[in-house]
Amino acid sequence: METQFKLPKGEKLNLVARYLRGNLGFFAAALLCACLSMIFNALTPQIIKITVDSVLGEEPAQLPALLRGLIDLEGLKAEPIRALWLAAGAVVVVAILRGICTYGQRVNLSKGSEGFVKKIRDDLFRHIQHLDFEWHTAHSTGDIIQRCTSDVEVIRNFVCLQLVEVVRTVFLIVLYLSIMISMSPRLSLVSLVFIPVVGLSSGIFYRKISRRFQAADEAEGEVTTCAQENFTGVRVVRAFGRERFEEDRFAAKNNRFSQLWIRLGKLMSIYWASGTLLTCLQVMAVIVVGTIETVEGRMTLGGFIAFVGYNETLAWPVRALGRVLSDMSKAGVSMDRVGYILKAPEERDTPEAEDVELRGDIVFDHVTFGYEGQPVLKDVSFAIPQGSTFAVLGGTGSGKSTLIHLLDRLYDLGEGQGRITIGGRDIRTLRRECLRRQIGLVLQEPFLFSQTIRENIAATCPRAPEEELRHAAAVACVDEAIQEFPDGYETMVGERGVTLSGGQKQRVAIARMLMQHAPVMVFDDSLSAVDAETDTKIRTALREQVQGATVILISHRITTLMQADRILVLEDGRVADLGTHSELIARPGIYREIYEIQMSSDDRRLIQEGGRADGGL
């Protein structure tokens, strides 16, 4: 997948703003609660200062006007134990108020962040659903999943947690520095000297960390892809005894991923170690200078204790700003990776595209097409009369499946590449959804969802009655096999249909397509996993079921194609021959050669016993 894609900073801000809409109220409430929490937290050192200086000491009290009438400090000086209990109670009350504010902050932050990330996930899934087929074939599933999960979570953590922490820290710095400066400008200057140093070191590490985060993210995508391929292809791995090979392949990718994170961890360790050193030096400097200030009488003992408390509270959030910068670099990389998907162009119909019922002949008119500059179809022309059965035969790579991809508009023909028409209308003037809804397609390797067999068959017509569903399964010769399962039609199909055999999956896919009642039906080598006799039964039942529909058969098996009205033979992307079965075997060519090779005695017996017992469509 593209690794050099970079979203401009303005677009990153727009991306965040778009998904924050509707959730800003929660974040505002969270920030308000956070600010109130810090205000209450700032009261604790003041309580200690007043207790030490004005209750236990002789300094004049500086209470707010509201508290002067409520608290008799002179009376408390005569009862120091009572004064200490009152101070402890005040600290507890402040802590309770702070806890309530923290609760409000967390709840609102949780609601806002979940709303934010839900909108991103929904938008990503919807967008991916509408990306063209070529985009999907060019990108690995594992990397797409990693971008939609891990990268989205990184963005959520930064935007919803770290940015709120930034605002909270800025407010804390302003509040606490204001109090500290009012208490001792000289000591505040000592405390402030270290802030630019921390900020400069954070900026340097930000530039280094960003590149390493991107490399680690890409490596994680490779590990995810490797695991996903093995889990979905477990049958192939076991069948060919490739467990050791796949373990080694995964271990190599996992080792690279681990090494990248170790390197990143070393860099982060240097950053955090240097940050800890700077923080300790700052605290030590404040204590040394503060002690001198107190001994020389320029600061009270209570004021010094309160100042140290404020400095301790301030030191770690300031240092955490560096962490925000490192998280910003990681979030920037994740935004680029998610933005790459969101920026990919969706399949779009032209404004003039129409919804029409497919009627008339299907015509491929001088069609030329290829993938990534490699030609596959070369000036292919033929017609499929409406209601007829049309067969396609050809070797691997001859372009058989490409014909169907173009007919279903999974790929579009460009200018000068010919055209495909149905009833004289160029399919590019039709809406894709309308076209695909009227073309039933069964692939050689059909995909089944991890649902029940019933839900898979009814996927194209969810509200169909039970009788119709059972009839479609019977036509596909899979009804009896389904009823042999303990749960019948309620049997859960494993991922990619792993519960079923290859032939059963193909027959379930045929039943699903029959429920679509499409006027054009395409069978792309969709009976390759069943034996010849079952193939014959299915095609016999299908011939009765699909009367009036245009049927396109693609197969390597001559018995599947021989009763078609017309048979197209492709060779190296060109039309090598076209005609009926009788015409094609009557003249030298590829078709007759394949016929002679494939027609075993059993195949001949089936034909002789049943005439059309092969049930060709």
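Each reported figure results from applying straightforward, stated rules to the coordinates on display, with no laboratory input. If you're wondering where the values come from, they're calculated on a predicted model, not measured in any experiment. Heads up, the Cβs are rebuilt from the backbone with ideal geometry, glycines too, and the neighbour counts pull from every protein chain shown.
If both residues of a DSSP beta bridge must be in the chain, then about 50% of such bridges are antiparallel.
Think of region 363-480 as having a plus end and a minus end, set by charges on the Cβ of Lys, Arg, Asp and Glu; of VAL376, ALA464, THR429, THR429 sits farthest toward the positive end of this dipole.
Strictly over 22 Å apart at the Cα level, which of LYS343/LYS400; LYS6/LYS343; LYS9/LYS330; LYS12/LYS253; LYS378/LYS400 would you flag in this model? Pairs exceeding 22 Å: LYS343/LYS400; LYS12/LYS253. Note on LYS537: lysines with a C-alpha under 22 Å away, same-chain residues under 8 apart excluded, are LYS505.
When the charge dipole of the chain is built from unit charges on Cβ atoms (+1 for Lys and Arg, -1 for Asp and Glu) and taken about the Cα centre, the candidate among LEU267, GLY387, MET492 whose Cα reaches farthest toward its positive end is LEU267. Secondary-structure-derived ellipticity at 222 nm for the chain, considering helices only, amounts to -20000 deg cm²/dmol, per-run term -39500 (n - 2.57) for DSSP H runs with n ≥ 4.
For LYS49, a cut-off of 29 angstrom between C-alpha atoms picks up these lysines, skipping any fewer than 8 places away in its own chain: LYS77.
Straight-line reach only, C-alpha to C-alpha below 19 angstrom: list the lysines that LYS111 could link to, leaving out same-chain residues fewer than 8 apart. Straight-line reach from LYS111, under 19 Å: LYS119. Estimated from the Cβ-Cβ distance and a Förster radius of 45 angstrom, the FRET efficiency linking ARG431 and GLU247 is about 0.40. Coupling constants for region 29-35 follow from the phi torsions by the Karplus curve (6.51 cos²θ - 1.76 cosθ + 1.60, θ = phi - 60°), and in residue order they are 5, 5, 5, 4, 5, 5, 5 Hz; glycine and proline get x. Rounded, prolate or oblate: which one fits region 352-417, using the alpha carbon gyration tensor with axes a ≥ b ≥ c (rounded when a/c is under 1.5, else prolate when a/b beats b/c, else oblate)? Oblate, because a/c is 1.5 or more while a/b does not exceed b/c.
Rounding to the nearest 10 and keeping the result within 0 to 90°, find how far the Cα-based axis of helix 9-20 lies from the longest principal axis of the chain. Helix 9-20 and the main axis of the chain meet at about 90 degrees. Taking Cα pairs under 8 Å and at least six residues apart, what relative contact order does the chain come out at, in percent? Result for the chain is 14 percent. Taking the charge dipole of the chain about its Cα centre, with +1 at Lys and Arg Cβ atoms and -1 at Asp and Glu Cβ atoms, the residue from ILE552, ILE287, ILE145 reaching farthest to the positive side is ILE287. Measure nothing but the geometry: give the 0 to 90° angle between the long axis through the Cα atoms of 185-232 and the longest principal axis through the Cα atoms of the chain, rounded to 10°. Between helix and principal axis, roughly 20 degrees.
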